[in-house]
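Each remark here refers to the structure printed beneath this line.
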Amino acid sequence: MCFACSPRNPIGLHLQFSLEDGVCRTTFTAGEVHQGWNGCMHGGLIATLLDEVMAQWLWLQGIAGMTAEMTTRFSRPVPVGVPLEVTARQTGGRGRLFELAAEIALPDGQVPVHARAKFLKV
Ligand SMILES: CCCCCCCCCC(=O)SCCNC(=O)CCNC(=O)[C@H](O)C(C)(C)COP(=O)(O)OP(=O)(O)OC[C@H]1O[C@@H](n2cnc3c(N)ncnc32)[C@H](O)[C@@H]1OP(=O)(O)O
């Protein structure tokens, strides 16, 4: 019962994903229960969104992969109550190793957070 994507997880994020033209995409609006600082989304949950959209880039192509390494750059706070667009794409890789990048965009196009990760096919 995945915390990020299972529709049956009562405390989960219930994310849904699509993959088109090599880009995996989801949307999420954080509520008060997802805050760290007042008005700002918790950084661990931001990382969850980014990790999951990259994992789903693989999964929607029939590849089961686990996160082996992930770096997240928090450039600006992510506000709660605002629809976020979360996207991922492949940046490299060889054999079992997939290198991916993900970002969160605000409605005005600003990108407050982005991440890079390495996934290993399992
Ligand atoms: C609907 C479902 C959708 C999917 C949902 C997924 C959930 C979201 C994604 C996650 O959050 S997964 C949870 C967080 N991640 C983990 O818990 C992973 C914990 N780590 C492991 O289980 C293992 O380390 C791992 C499976 C990632 C790799 O173990 P393996 O035994 O399969 O591989 P190994 O360690 O032998 O490494 C294989 C090769 O990759 C290389 N490698 C491993 N990590 C690397 C790294 N970080 N960077 C570069 N190379 C790396 C390693 O050096 C080696 O190179 P060589 O083949 O040349 O010897």
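When the criteria are applied in full, ALA4 fails the requirement of being within 15 Å of the ligand (Cβ to nearest atom), of a type in the set (Gly, Ala, Ser) and not in a loop (DSSP other than H, G, I, E, B).
Can you confirm whether the stretch 46-64 contains a residue that is under 16 Å from the mean Cα position of the chain (by Cα) and more than 19 Å from PHE17 (Cβ to Cβ)? No, the stretch 46-64 contains no residue that is under 16 Å from the mean Cα position of the chain (by Cα) and more than 19 Å from PHE17 (Cβ to Cβ). Restricting GLY36, GLY31 to those that are surrounded by 15 or more Cβ atoms within 10 Å (Cβ to Cβ), more than 11 Å from the ligand (Cβ to nearest atom) and over 14 Å from HIS114 (Cβ atoms) reduces the list to GLY36. For beta carbons closer than 7 Å, sequence separation of 6+ or different chains, a first residue in the stretch 44-73 that is among the hydrophobic types (A, V, I, L, M, F, W, C) and a second that is away from the ligand (no atom under 11 Å from the Cβ) and assigned to a helix (DSSP H, G or I), the qualifying pairs are LEU45/HIS34.
Can you tell me which of GLU103, GLU85, GLU99 is within 11 Å of the ligand (Cβ to nearest atom) and at negative phi?
GLU99
For SER18, the test of being farther than 18 Å from HIS114 by Cβ and either aromatic (Phe, Trp, Tyr) or within 9 Å of the ligand (Cβ to nearest atom) (or both) is failed.
Working carefully through the options VAL111, VAL78, VAL53, find the one that is modelled with pLDDT of 95 or more, more than 22 Å from PRO7 (Cα to Cα), more than 9 Å from the ligand (Cβ to nearest atom) and surrounded by 15 or more Cβ atoms within 10 Å (Cβ to Cβ).
On inspection, the qualifying residue turns out to be VAL78.
The values are calculated or read from the model by the stated rules, or taken from the named source; none is laboratory data. Note that this is a predicted model, so its numbers are computed, not measured. Backbone-built Cβ (ideal geometry, glycine too); neighbour counts: all protein chains shown.
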